[in-house]
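Engineer: Can you read through this structure? Questions will come right after.
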Amino acid sequence: MGQQRITSESVLTDRQLRSWLRCHRKAWLDRHGNPSEKIWNPHRALQLADRELRLQVLLQNKGSIRQLLLQQGNLRGRPTLLLQRPQASQLGAFSYQPVLLQPGRHGTREHRLTLAFWGRLVANYQGAPVTTGLLLTPQGLKEPVNLTGQLPRQLDQALTRLQTDLQQLQPPPLTQDRKKCTLCCWRRSCNQVAEANGELSQVSGIGGKRQELLQQLGIHNRSALAAIDPMVLMARLEANGEQRPELALELIAQARVQESGNAERLAPADELNDSPLPELAAAPGVLVYDIESDPDARDDFLHGFLILRRNSSGQWPATARAKYQPLLALQEHGEARLWQRLQALLAAYPGWPVLHYGETEAIALRRLAARQGAVAPAGLIDLHKRVRQHWRLPVDSYGLKAVASWRGFRWSQPAAEGARCVLWWRQWRARGNRHQLQRIFQYNRDDCLATWAVAQWLLNDAAAGNEN
Ligand code: SF4
């Protein structure tokens, strides 16, 4: 980076670099985007809370410094932690080494380049070179990173490209790997752009790699995919080494359904066992089951059940009157107690099907039963699987949020999502605020209600042919 006049526009920060390494568009939006389009990101709040806890422990090391603001030329940053070492510098008989607290087990290019960025600032601050930085895992493992090899050159290249991107009048395109978007504060506005452009990434089943391949074959958006002859696409995929060229049929069919906005039944109703949910036909009631988890702590902290008993004329009750039964699973109470409570609840409704959306609940129950030396309960029905077996829907994801929202279901806490629920859980555990617990129960109950809304559509409207 040559000599230049430093203005607020030319300053490059460690946060901008990290944003850019995740998604070029994010760095641009962070600087030029409309702040009112940003949405709060619970993942970031969780990461910051976790970092704070880890910092408190590490700051017990003598002479360590947290988040010192440093600047050299147009580079500005706050290394999370500086550890003191006995090598001399212009500060005295010691110098500093930057430390990055990794959120997971594996260090990434983003982590290494951030350390290189910090190393440059620290070297300038202490007037002595920084040859290694440290990556620290949540488990306390340390990985030294050599800051003198290829990294300085890679950092220069990244900073030059970041500067160029930030100077553009238009934002860079959406990232190819749209999975990253679920953790990003710009996801709402970017999803709108993707939908308006009919991007390939909006087609359920198309990830970064498939999008790239289709683009190489000249298919640049959803409408082009919907319009292509399936045999032609299969032949082109095969010629490009795709192992499963028949995938083309599924992707084209999905793109067509999304373009038209009309759901498509995958088999005529009369060829099914009366209904996609035959188990419910004669059942006296149904339990709708949903688990809330803290994935980092591997803690399934809430098992929630909606209890729906048919009335005397065989009708399903209005959901407003359905009983909701939350079972909190506090780790200090032990799994044996949770297992007993779950068994008691299931035993109170013998023969009732247990409806859940996705694999999580069945896997958790199976593992819990195995750890207790017991047999997993029978009667679980994965509604997600049934939806996929019987319908192709005009949705960009077959997750509960997307499918239930398509059916018109609305969560009573509009901004709620799994990560926010984890945040409420950790806050309740730390401070015992009952309000947070009520919000968790409400969110979990809503997930059960959303599952039931999808099931009811399968049972009633879909069976009657009201597909849309
Ligand atoms: S939502 Fe996705 S595409 Fe948009 S800025 Fe964030 S990561 Fe990039």
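Engineer: Compute the FRET efficiency between Leu247 and Asn61 as 1/(1 + (r/R0)^6), taking r as their Cβ-Cβ distance and R0 = 60 Å, and round to the nearest 0.05. The partial results should precede the final answer.
Structural biologist: Working: r = 53 Å, r/R0 = 0.88.
With R0 = 60 Å, the Cβ-Cβ based efficiency is 0.70.
Engineer: Students often check this: by mean Cβ neighbours within 10 Å, which of 349-356, 411-418, 12-19 ranks highest, and how do the rest follow? Before the final figure, lay out the partial values.
Structural biologist: Working: 349-356: 18.4, 411-418: 13.0, 12-19: 20.0.
Result, highest mean Cβ count within 10 Å first: 12-19, 349-356, 411-418.
Engineer: Could I ask something else about it? For Gly285, which sequence-distant residues (separation of 5 or more, or a different chain) have an amide H within less than 5 Å of its own amide H, given hydrogens modelled in the peptide plane?
Structural biologist: So Gly285 has HN proximity to Arg310.
Engineer: Which translational diffusion coefficient, to the nearest whole µm²/s, is obtained for the chain from the Stokes-Einstein equation, given a Kirkwood hydrodynamic radius over C-alpha pairs, 10 °C and 1.306 mPa s? Don't jump to the answer; show the numbers that get you there.
Structural biologist: Values: Rh = 25.9 Å.
Answer from the Stokes-Einstein relation: 61 µm²/s.
Engineer: Can I ask one more? Applying 1/(1 + (r/R0)^6) with R0 = 25 Å to the Cβ-Cβ distance of Gln157 and Thr137, what FRET efficiency is obtained, to the nearest 0.05?
Structural biologist: Details: r = 27 Å, r/R0 = 1.10.
Given R0 = 25 Å and the Cβ-Cβ separation, E is 0.35.
Engineer: Taking amide H positions as placed 1.01 Å from N in the peptide plane, with prolines and chain starts having none, which residues 5 or more places from Leu380, or on another chain, fall under 5 Å of its amide H?
Structural biologist: Long-range HN contacts for Leu380: Val354.
Engineer: Hey, another quick one. Arrange the peptides 209-216, 319-326, 77-84 so that the one whose residues have, on average, the most other Cβ atoms within 10 Å appears first.
Structural biologist: On the way: 209-216: 15.6, 319-326: 13.6, 77-84: 21.0.
So the order, starting with the most tightly packed, is 77-84, 209-216, 319-326.
Engineer: Right, here's the next one. Which FRET efficiency value, to the nearest 0.05, is calculated for Glu195 and Leu266 with the Förster distance at 25 angstrom and r the Cβ-Cβ distance?
Structural biologist: Numbers: r = 24 Å, r/R0 = 0.97.
Calculated transfer efficiency: 0.55.
Engineer: Let me ask another. List, in order, the whole-Hz ³J(HN,Hα) value for each residue of the stretch 108-114 obtained from phi through the Karplus relation with A = 6.51, B = -1.76, C = 1.60 and θ = phi - 60°; use x for Gly and Pro.
Structural biologist: Coupling constants for the stretch 108-114: 10, 4, 4, 5, 5, 5, 5 Hz.
Engineer: Okay, next question. Compute the relative contact order of the chain as a whole-number percentage, counting only Cα pairs closer than 8 Å that sit 6 or more residues apart in sequence. It would help to have the intermediate numbers written out before the result.
Structural biologist: On the way: 654 pairs, mean separation 56.5, N = 468.
This gives 12 percent for the chain.
Engineer: Once you place label points 7 Å from the Cα toward the Cβ at Asn146 and Gln438, how far apart are they in nm?
Structural biologist: In this crude label model, Asn146 to Gln438 measures out at 5.9 nm.
Engineer: Quick check: pseudo-label points 7 Å beyond the Cα along Cα→Cβ at Ala402 and Glu238, how many nm apart are they?
Structural biologist: Modelled inter-label distance: 2.9 nm.
Engineer: Give, in nm to one decimal, the length gained when the segment between Ser312 and Asn124 is fully stretched (0.36 nm per residue of separation minus the Cα-Cα distance). Write down the numbers at each step before the final one.
Structural biologist: Details: separation 188, 0.36 × 188 = 67.68 nm, distance 7.93 nm.
This chain segment gains 59.8 nm when fully extended.
Engineer: Further question: Helix 335-347: angle to the longest alpha-carbon principal axis of the chain, degrees 0 to 90, nearest 10?
Structural biologist: Once rounded, one gets 30 degrees.
Engineer: To the nearest 20 Debye, how big is the dipole of the chain about its Cα centre, given +1 on the beta carbon of each Lys and Arg and -1 on that of each Asp and Glu?
Structural biologist: On the way: 59 positive and 42 negative charges, 397 e Å.
Once rounded to the nearest 20, the dipole reads 1900 debye.
No lab work stands behind these numbers, since they all come straight from the coordinates. If you're wondering where the values come from, they're calculated on a predicted model, not measured in any experiment. All Cβ positions, even for glycine, are placed from backbone atoms using ideal geometry, and neighbour counts span all protein chains on display.
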